[in-house]
Amino acid sequence: MQDTIYKELEKRCLEYGIKEADCFTALKIAADLNVSRNTVSQYLNELVKQGKVIKINTRPVYFYTKKEVEQVFQKTIDTVIFDSLDEFFSLGEKDTKNFAKLIGSNDSLRSVVEQCKAAISYPDHGLPLLIHGPTGTGKSMIASLLYEFAVDQGIIEKDKPFVSVNCSEYANNPELLTSNLFGHVKGAFTDAKEDNLGLIAVADGGLLFLDEVHCLPAECQEKLFFFMDKGMYHQLGDNENWLYSHCRIVFATTEDPQDVLLKTLLRRIPIMVNVPSLKDRPLIEKQQLLYSVFNEEAIRLQKNIEISNLVYQVFMDFHFSGNVGGMKNAIKAACASAFLNDQSSKDTLGIYVRDLPDYILETFPSIQLKGGDDTRDIMIPLSKLKGSFGNSNMLVQLYHRLLVRFEKNQQENIPFAMLVSDLKSIVQNYTDYLLYKNRYRKKVSENYLLKILDKIYSIVINKYSITISNNEINIYANMINEYAKNVIDAKMWVSSNTTEIDKVLELLENHAPREFVIAREIVDNVELNLDVELDNLMLSILTISLISLEKMESSATVAVILCHGYSTASSIANACNRLLDAYVFDGIDMELTVTTEKIVKQLNEYLKRKTGFKELILLVDMGSLEDIYKQMKPITDCNISIINNVNTKLALQVGEDLVKGKSTIMMLQEIEDTFTISTKYIEAKERQKVILTICATGFGAAKKISELLYDSIPKKVPVTIIPYDYQSLIENGINDPVFLKYDVVMIVGTLDPRVDTLPFIPVENLVMNNDIDTLNNLISEYTSVEEMKAFQSKLMKNFTLLNIVNHLTILNAEKLIDDVEDVVVDIEKRLNSELSMITKAGLYVHLSCLIERLILRNEVSYIEHQEEKLKKYSKFVEVCQEALSVVESRYSVEVPEAEILLIQNYFKTDLD
């Protein structure tokens, strides 16, 4: 069968060519061969794994034989799976030898390249283009490659020129620039001995590149935008005869175009692109640039070039004011110095720190720590720069293992404490390796690092009343020392995994806010005192190291001391914590002239890092602070206590009461009597009652369900209807943020998200008016008997099956329900299982929304534990695919496996 399917696909490729057509889908092939779509899809995917077939992961999915694609595109294809048709068909473009020369064309400069292509390709003669960016970022190179692209694409004829003008060369003679651009006639000015057509005429049919265009005088800009409008111009000295040219124009400038160009000229430049500076581009691109420039010099010098590890670090760290151009000049200077001093006749030329230009060597003290051991003299061949240098070092391997474990544990949804335990174990293995590696070495730089780190940890130990052993400090001194030696490789790896690392940070900040704050303070001090900028994964590792698995229970009470003056609040908090031998208070220090708004902002930022508390106690130093709670963001489920005129004795008494577990009200009363001070107690605000509406098929459908429900409920009922994301409830359960903000009384929707303790009413129950007592009881609390009857009547009217489908979709509801009914009946027949009328009603709604979303290409492509579920319900998936094939054909859609697994939820009882 596999051979039959491959030959059929091969036949189609030869007959129809490589294009977007439904004859290349599994559904169409299955229909023509009279076999199941699932069978065809399975064999095609096996052929993809064998490298014989190319797959395009669009909706629908397209397949082509690799052999025929390579024949059509006239090139070898290494990739067999593509995410889009655009990506696939781009293989056939002829510009691979053009912008492929531009490092970053598929990454940081991708949008620049795409906009440039769009400008040059626009009919009939392209659109004017302005390239803006700092000196040395490659603007001239982009313009040159754009010309090559246009010639190769047939946009510009091969015999038409690329004319480049640097306007800054004429800064002191603007008249000469105007003459050279537009030409002049004999006698137009003193030195005009003969006619000159000008560069605009020379560039006719080609491309005119005006670099440093901000040097163009206003008069010349005016003549230029007239030419851009009309395609015609006068030569200097001739105001009667018109000349014509059809050149494409590309401008470039290092200045802000809005400040240096006439607004009338800017209006005629529809496409402007910004080229980023070198420091704003990914480190991997900086490494690729290093390789490219050093390789050019190696060819020029006819030598194999190697650079020392320290030279590599310096080049990757240094901020070149001239950007790419500045880096090229520095590399050329280093190679020239090394070549001049090289007395050997070897084929290899080594580049050392001594060969670097003086202006780079002046920055050397800031990178001494990174060269603190014998790795500074390790020589790196250029071939290693071309690849992914550094990815094999142990630190990067640690990063990789941490992220893999985090993602695995997130998928399995294990408790936070278990995740921390796993991550601690991975870090422990790495620190064991470091201790073993460094057991015989103790260098001066490492002793210095240990002393500085010991001071940093001493500060946080005293401030936050925590215990960290000298052995632990020694371990993390070793880790930071190792990090400093591999900082470039670490940052390069981190830059390519920022999204995943941000998730780790967010989890740690939410579940371990105090440890996160302490780790952040350590990182800030390391950067300040050691000139080592730690990345976010090192911040995560330090946070994990501070978490005590035995003390992870979050306190129900948060106590904060707020005082004006340098370290006043933190001093009182630290003293009390030490005397109480417990972490009770945090201190927030404020300037004497700070405004209430700033205090509130600082306090709100602090509270963001706390979770699960029910009591907030604020101890303030003067009466003006008593009203700050009025400006605080609402904490709906938290009581707030304000205690005025705080001092150490008062704070110590509050701390003792909190440690003993005394009630807040009693504590405030006793403090008022003992210290004759004023206090305030603000009870938690009553949270708003809400009903959440959800739909597994998307938020849009949930919103429409909420509209129908809102229209049904009497306006006097103090309950708000809020549409919400189904997937968010599935992932977070009762811990979802919505339950902190609102008093959720029930959930109404298409599929049960199974949130603990909360009643769920399926939409089908509303359709069948069955088992909706929870909703009736809620409404009856606020309505009379007559109003209740009116509510039930309105509910039955709004939640008929036809009305729901008509409301949720833009398709013909009657026809859609007929098609859906056929699918459901077919599935029941194939499974020999009959659904209840209530379940069917829900499934009708679900399938109707699904079909519309597939048409709009808004389908669910993956769900949690998908592979596991596909194996478990393989028979159902096959049956469902068969039953849905008619709908797929009729509506020109393809139902993903993830969507079929959502449908499976309606058959769950029967299938399990």
Give C880, C849 a once-over and let me know the one that is modelled with pLDDT under 85 and either not small (G, A, S) or not assigned by TED's automatic domain parsing to the domain that holds T25 (or both).
-> C849
Selection from segment 771-791 of residues that are assigned to a helix (DSSP H, G or I), within 17 Å of M746 (Cβ to Cβ) and in contact (Cβ under 8 Å) with a residue 24 or more places away in the chain = T774, L775, L778, I779, F791
Can you tell me which residue in segment 179-207 is nearest to Q235 (Cα to Cα), limited to those that are within 47 Å of the chain's Cα centre (by Cα) and not hydrophobic (A, V, I, L, M, F, W, C)?
-> D204
Only one of these conditions is not met by S84: (1) surrounded by fewer than 22 Cβ atoms within 10 Å (Cβ to Cβ); (2) of a type in the set (S, T, N, Q); (3) assigned by TED's automatic domain parsing to the domain that holds A203. Which number is it?
-> (3)
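Applying the selection to segment 237-254, what residues are without any contact (Cβ under 8 Å) to a residue 60 or more places away in the chain and not small (G, A, S)? It would help to see each step written out before you state the result.
Start the filter on segment 237-254 by keeping residues that are without any contact (Cβ under 8 Å) to a residue 60 or more places away in the chain, which leaves 237-242, 244-245.
Of everything in segment 237-254, those that are without any contact (Cβ under 8 Å) to a residue 60 or more places away in the chain and not small (G, A, S) turn out to be D238, N239, E240, N241, W242, Y244.
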All positions within segment 162-203 that are touching a His at 6+ places or on another chain (Cβ under 6 Å) and either in a loop (DSSP other than H, G, I, E, B) or among the acidic types (D, E) (or both) = A192
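At least 1 residues that are acidic (D, E) and surrounded by 15 or more Cβ atoms within 10 Å (Cβ to Cβ) in each: list the helices (runs of 4 or more DSSP H) lying fully within segment 472-569 that qualify.
Filter on segment 472-569 gives 487-495, 498-511, 513-530.
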How do the pairs read when you match residues in segment 138-167 that are under 19 Å from T253 (Cβ atoms) with residues anywhere that are part of a loop (DSSP other than H, G, I, E, B) and of a type in the set (D, E), using Cβ under 8 Å and keeping only pairs 6 or more apart or on different chains?
-> N166/E212; C167/E212
Tally of residues being in contact (Cβ under 8 Å) with a residue 12 or more places away in the chain and either within 23 Å of V767 (Cβ to Cβ) or among the basic types (K, R) (or both) across segment 855-887 | 6
Among the residues of segment 792-809, is any surrounded by fewer than 12 Cβ atoms within 10 Å (Cβ to Cβ), modelled with pLDDT under 85 and part of a loop (DSSP other than H, G, I, E, B)?
-> no
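Quick one: which residue in I713, I734 is of a type outside the set (F, W, Y) and surrounded by 15 or more Cβ atoms within 10 Å (Cβ to Cβ)?
I713
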By residue number, the members of segment 846-876 that are in contact with a Leu (Cβ under 9 Å, 6 or more places away or on another chain), assigned to a helix (DSSP H, G or I) and buried (at least 18 other Cβ atoms within 10 Å of the Cβ) are H846, L847, S848, C849, L850, I851, E852, K869, F876
Of the residues that make up segment 268-288, is at least one surrounded by fewer than 21 Cβ atoms within 10 Å (Cβ to Cβ), over 25 Å from R110 (Cα atoms) and within 43 Å of the chain's Cα centre (by Cα)?
-> no
V151 fails exactly one of the following numbered conditions: (1) assigned to a loop (DSSP other than H, G, I, E, B); (2) more than 23 Å from G322 (Cα to Cα); (3) β-branched (V, I, T). What is the number of that condition?
-> (1)
Read through the list (1) farther than 30 Å from P415 by Cα; (2) surrounded by 19 or more Cβ atoms within 10 Å (Cβ to Cβ); (3) without any contact (Cβ under 8 Å) to a residue 40 or more places away in the chain, then give the number of the only condition that Y724 fails.
-> (1)
Looking at (1) farther than 27 Å from F739 by Cβ; (2) at pLDDT below 75, which is the one condition that is false for S570?
-> (2)
Filter segment 178-205 for residues that are of a type outside the set (A, V, I, L, M, F, W, C) and in contact with an Asp or Glu (Cβ under 8 Å, 6 or more places away or on another chain); the one that is farthest from S245 (Cα to Cα) is K186
Failed criterion for K117 (all others in (1) modelled with pLDDT under 85; (2) basic (K, R); (3) closer than 30 Å to P257 by Cα hold) = (1)
For segment 445-471, how many residues meet the condition of being β-branched (V, I, T) and either buried (at least 19 other Cβ atoms within 10 Å of the Cβ) or not assigned by TED's automatic domain parsing to the domain that holds N429 (or both)?
-> 1
Would you tally the residues in segment 738-756 being part of a loop (DSSP other than H, G, I, E, B) and farther than 17 Å from F699 by Cα?
-> 4
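The values are calculated or read from the model by the stated rules, or taken from the named source; none is laboratory data. Predicted model, so just to flag it, every value in this text is computed and none were measured. Every residue, glycine as well, gets a Cβ built from its backbone with ideal geometry; the counts of neighbours run over all protein chains shown.
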